[in-house]
Amino acid sequence: LDLQGLNFNLSEEHRAVQEAARDFAQTELLPGIVERDNEARFPAEQVKRMGELGFLGMMVSPDYGGSGLDTVSYVLAMEEISKVDASCSVIMSVNNSLVCYGLEAYGTEAQKQQYLTRLATGEQLGAFCLSEPEAGSDATSQATTAEDKGDYYLLNGTKNWITNGNSSDVCLVIAQTDREKKHRGINCLIVEKGTPGFVVGKKEDKMGIRASDTHSLLFSDVKVPKENRVGEDGFGFRFAMATLNGGRIGIAAQALGIAAGAYELALKYSQERKAFGKQIFDHQAIQFKLAEMATKIEAARLLVYKAARLKDEHKDFVQAAAMAKLFASDVAMWATTEAVQIHGGYGYVKEFHVERLMRDAKITQIYEGTSEIQKLVIARELIR
Ligand code: CAA
Ligand code: FAD
């Protein structure tokens, strides 16, 4: 394994995107963040602004209302936004790398015109619905059914843990059509909110990313027109897997941002706080923590950039994405815990932000494939 000749130099355009995301996070996401987290309040205004600034359809072609940027630009923006607000960045990540990407890569021209154009601009928000109460890691064991009724599918079942569950307008729903064909009998359907029989279920009360809305979604005899199927009959599971490969780069960048955000706060605090007559930074134990944090964060950044570059160069990035997510999410959990420690008692209260980042970090080891599933993906690639 090596860097495969990849060049990590960032272009002017990359720097501009990074700067714009940093500015937006500091000026528009930071104010009110503690309240939004406390109240688990969906950041509707902030999401609207993300749409206006082009952060919701970053990699979508301008032909469909997107910003036409590459994956490297996307991870740079995800990192900056996640340094401050991981609730906003998961909303952004699902819309960009799961819903928009999935439709642009595999949708029909009519589906792109009808749905992608609105999702890429932020006029509408999307959700990606794979997980179920009894099917998380074991994603092929779908209990939700999409019965073929000729010119429509009849959708029945429950999806769990759906990010943007309440706030989304359009959902990509994975469901089993032909059980005999196992995962090759699964389809992905575009289902609009408001379709009769489609009900938003309970909102989850979460440890972290509390301002993002995570809901169950219930489908009871929902009629979905055939033209809303994405890809050929039976493509739904491979659609989900192929889309998640790229999604994992987004979550890796989110984890990187959470870690880097906590590190920046800890570095600053260590130069302000005094104990035993000197800045705590001057105690070597604190310096060593910060040195180790900076090193691991840089290593995570290289893995994230590598996966993004490979995707941009249309090379195989499955293993690189899984490695980036596995490593960056562990770094996020560890570095945020260290950042709380460096803050002492102040780290344990909300106004210093590091406790929120520590709570937010945990989910990056769980969603879009747990750390155990990333190891499974990496191991399979080792012998492929
Ligand atoms: N890329 C492309 N295709 C893939 C793939 C990949 N990484 N992994 C598997 N596939 C394809 C296989 O080629 C196979 O297709 P064919 O038979 O047609 O060739 C098919 O998928 C089934 O593959 P497996 O036999 O390997 O399936 P499996 O049952 O052993 O499971 C798994 C594979 C990797 C464990 C998979 O089930 C998985 O990724 N589970 C985790 C689910 C997950 O990540 N959920 C995230 C939900 S979205 C989310 O979480 C959003 C959010 O939080 C914000
Ligand atoms: P399980 O699969 O039951 O896993 C339980 C434990 O067993 C884990 O530690 C797991 O790693 C381990 N395990 C399972 N199988 C294996 C194995 N083969 N080898 C080794 N260990 C194994 N899903 C969506 O579809 N869309 C969303 O928008 C979405 N958003 C989410 C937002 C939040 C806040 C949360 C909490 C979840 C979200 N999810 C979403 C679901 C998420 O992807 C799943 O929770 C995740 O894939 C794990 O599935 P599970 O919870 O069923 O755990």
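We did not get these values from a lab; they are worked out from the coordinates using the rules stated. From a predicted model like this one, the values you see are computed outputs, not experimental measurements. Ideal geometry is used to build each Cβ from the backbone, glycine not excepted, and the neighbour counts take in all protein chains shown.
Of the options Gly261, Met241, Pro31, report the single residue whose Cα projects farthest towards the positive end of the charge dipole of the chain (beta-carbon charges: Lys, Arg +1; Asp, Glu -1).
Sorting the options by dipole projection puts first Gly261.
Taking neighbour counts of Cβ atoms within 10 Å as a proxy for exposure, in what order, fewest first, do Phe235, Phe317, Phe352 appear?
Fewest-to-most ranking of Phe235, Phe317, Phe352: Phe235, Phe352, Phe317.
Please report, to one decimal in angstroms, the Kirkwood hydrodynamic radius of region 247-288 built from all distinct Cα-Cα pairs.
11.6
Identify which of Ala110, Ala252, Ala339 has the largest mean-square fluctuation in a Gaussian network model of the chain, with springs joining Cα atoms closer than 10 Å.
Between Ala110, Ala252, Ala339, it is Ala110 that shows the largest mean-square fluctuation.
Take every Cα pair under 8 Å in the chain that's 6+ residues apart, average their separations, divide by the length, and report that relative contact order as a whole percent. Kindly include the intermediate steps, with their values, before the conclusion.
On the way: 751 pairs, mean separation 63.7, N = 384.
Rounded, it is 17 percent for the chain.
Give me the net charge for the shell around Ser87: Cβ to Cβ below 10 angstrom, other residues only, Lys and Arg +1, Asp and Glu -1.
Values: positive: Arg36, Arg41, Lys206, Arg210, Arg356; negative: Asp37, Asp85, Asp213, Asp360.
Counting the neighbours of Ser87, the net charge comes to +1.
Tally Lys and Arg at +1 and Asp and Glu at -1 over the other residues with C-beta under 9 Å from the C-beta of Gly185: what net charge comes out?
+1
Largest first and in whole Å, what are the equivalent-ellipsoid semi-axes of region 184-342 based on the Cα gyration tensor, each being the root of 5 times an eigenvalue?
43, 22, 9
Per residue and in cubic angstrom, what volume does the convex hull of the Cα atoms of region 257-384 have?
Per residue, the Cα convex hull of region 257-384 comes to 104 Å³.
For region 107-187, state which GluC sites (Glu not before Pro) are in a DSSP loop and have at most 11 other beta carbons lying within 10 Å of their beta carbon.
Glu134
When only DSSP loop residues count, what trypsin sites (Lys or Arg not before Pro) in region 14-73 have their Cβ near at most 16 other Cβ atoms within 10 Å?
When the trypsin sites (Lys or Arg not before Pro) of region 14-73 are filtered for loop state and at most 16 Cβ neighbours within 10 Å, Arg41 remain.
Choose one answer from Phe237, Phe281, Phe128: the residue with the largest mean-square fluctuation in a GNM of the chain with alpha-carbon springs under 10 Å.
Phe281
Given Cβ point charges of +1 (Lys, Arg) and -1 (Asp, Glu) and nothing else, what value in debye, to the nearest 20, does the dipole of the chain about its Cα centre take?
720
Going toward the positive end of the dipole of the chain, with +1 on Lys and Arg Cβ and -1 on Asp and Glu Cβ, which of Cys129, His343, Ala300 do you reach last?
Positive-end residue among those listed: His343.
Taking θ as phi - 60°, what are the ³J(HN,Hα) couplings along region 204-217 by the Karplus curve (6.51, -1.76, 1.60), each to the nearest whole Hz, with x for Gly and Pro?
Working through the residues one at a time gives 7, 9, 9, 5, x, 5, 6, 7, 7, 9, 10, 9, 8, 10 Hz.
Where the centre of each part is set by its Cα atoms, how far does region 20-50 sit from region 293-332, in angstrom?
26
Tell me, what does the Kirkwood hydrodynamic radius of region 3-147 come to in angstroms if you use every pair of distinct C-alpha atoms?
16.5
Using helices alone, I'd like the mean residue ellipticity at 222 nm for the chain: each DSSP H run of four-plus residues gives -39500 (n - 2.57), total over residue count, nearest 500. Mind dumping the intermediate values first?
Values: 12 runs with 174 residues, N = 384.
It lands at -14500 deg cm²/dmol.
Return the single residue from Gly236, Gly157, Gly57 with maximal mean-square fluctuation; model: Gaussian network over the chain, springs between Cα atoms under 10 Å.
Evaluated over the chain, the most mobile residue of the options is Gly157.
In whole Hz, what ³J(HN,Hα) sequence does region 11-16 give by Karplus (6.51, -1.76, 1.60; θ = phi - 60°), x for Gly and Pro?
Result, ordered by residue: 7, 4, 5, 4, 4, 5 Hz.
Give the Rg/Rh ratio for the chain, taking Rg as the radius of gyration of the Cα atoms and Rh as the Kirkwood radius, to two decimals.
When Rh is taken as the Kirkwood radius, the ratio is 0.98.
Net charge near Glu204, counting Lys/Arg +1 and Asp/Glu -1 over other residues with Cβ under 13 Å of its Cβ?
+3
Expressed as a whole number of Å, what is the distance separating the alpha-carbon centroids of region 336-384 and region 159-202?
28
Within a 10 angstrom radius of the beta carbon, how do Tyr348, Tyr152 rank from fewest other beta carbons to most?
Numbers: Tyr348 13, Tyr152 17.
Lowest to highest Cβ neighbour count: Tyr348, Tyr152.
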